[in-house]
Amino acid sequence: MKSRLAVRILRAFGWRVVFPPPPPKAVVVLYPHTSNWDFIIGILTRAAIDLPAHWGGKDTLFRGPLGPLFRALGGIPVNRRERTGFVTQMAAAFDTQDRFYLVLAPEGTRSLTPGWKSGFYRIALEAGVPLALAFIDYARREAGIAEYLTLSGDEAADMAHIAASLQGRRGRRPELASPVRLL
């Protein structure tokens, strides 16, 4: 019922969901992330495809009155100010679940940055799970997964593949979309 309602809401606003059948586990990178609206569309898309995904967000989001709601929606606080072992913790979480999806915005912010943080890449390699290349494309009014990629460990080749797969996807504020490259 939740899934059908989410699909109806997205359709009512002219959105379409693109979703190839998923593997049982994946690190999901969402690109581009340029607006707070991405969260609403992302949560609706997750409900529409009935994917039990968790998502990482800056820890300050979880401190106020919305903290319990964000946790209930699958949020995992990430302390970006210091090293806390997040990559190792998340890679280990994949071992404890039959189905597990972790959504991360590799830009780390809605603002323009010179590239992507590498945590998503390191988690996927360490956990031995594929990378789901997710997008919210405001120009086409589409949201979903472009493809699933098994990383080779060759960062340059993998990032070139990711960039090609996500090329042309436009965020709500396209001028804030960071280049697809590791920092």
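Of all DSSP beta bridges confined to the chain, the antiparallel ones make up roughly 25%.
Springs between Cα atoms under 10 Å define the GNM used for the chain, and in it the highest mean-square fluctuation of Val129, Val27, Val18 occurs at Val18. Sites listed here are chymotrypsin sites (Phe, Trp or Tyr not before Pro) in the stretch 1-42 whose DSSP assignment is loop and whose Cβ has at most 15 other Cβ atoms within 10 Å: Phe13. Here the accessible area is traced with a 1.4 Å probe on the protein chains. For the stretch 118-183, carbon and sulfur cover 46 percent of it. Just so you know, the averaged projected area of the alpha carbon convex hull for the stretch 75-162 sits at 6.9 nm².
For the chain, the Cβ-based charge dipole about the Cα centre amounts to some 800 debye (Lys, Arg positive; Asp, Glu negative; other atoms uncharged). Judged by the gyration tensor of its Cα atoms, with axes a ≥ b ≥ c, the chain is rounded; a/c sits under the 1.5 cut.
The spacing between the stretch 72-135 and the stretch 51-69, judged by their C-alpha centroids, is 14 Å. Solvent-accessible area assigned to carbon and sulfur over the stretch 1-52 amounts to 65 percent, based on a 1.4 Å probe.
Among the trypsin sites (Lys or Arg not before Pro) in the stretch 116-151, those located in a DSSP loop and surrounded by at most 16 other Cβ atoms within 10 Å of their own Cβ are Arg140, Arg141.
In the full protein context, the stretch 54-183 carries 52 Å² of accessible surface per residue, based on a 1.4 Å probe and ignoring ligands, DNA and RNA. In the stretch 17-138, taking the dipole from charged Cβ atoms about the Cα centre, the farthest positive-side position among Gly108, Ala47, Tyr121 is held by Gly108.
Looking at the stretch 82-183, the DSSP beta bridges with both ends there are about 90 percent antiparallel. In the chain, a dipole from Cβ-located charges (positive for Lys and Arg, negative for Asp and Glu) runs towards its positive end, and of Ile162, Tyr138, Gly75 it is Tyr138 whose Cα lies farthest in that direction. With θ taken as phi - 60° and the Karplus curve 6.51 cos²θ - 1.76 cosθ + 1.60 applied, the whole-hertz 3J(HN,Hα) list for the stretch 111-125 is 8, 5, 10, x, x, 9, 6, 8, x, 4, 5, 5, 5, 4, 5 Hz, x standing for glycine and proline.
The values are calculated or read from the model by the stated rules, or taken from the named source; none is laboratory data. The structure displayed is predicted, hence computed values, not measured ones. Don't worry about glycine lacking a Cβ; one is built from the backbone with ideal geometry, like all the others, and counts go over all protein chains shown. Just the protein is used for accessible areas: all its heavy atoms, side chains included, with ligands, DNA and RNA removed. Shrake-Rupley method; radii C 1.70, N 1.55, O 1.52, S 1.80 Å.
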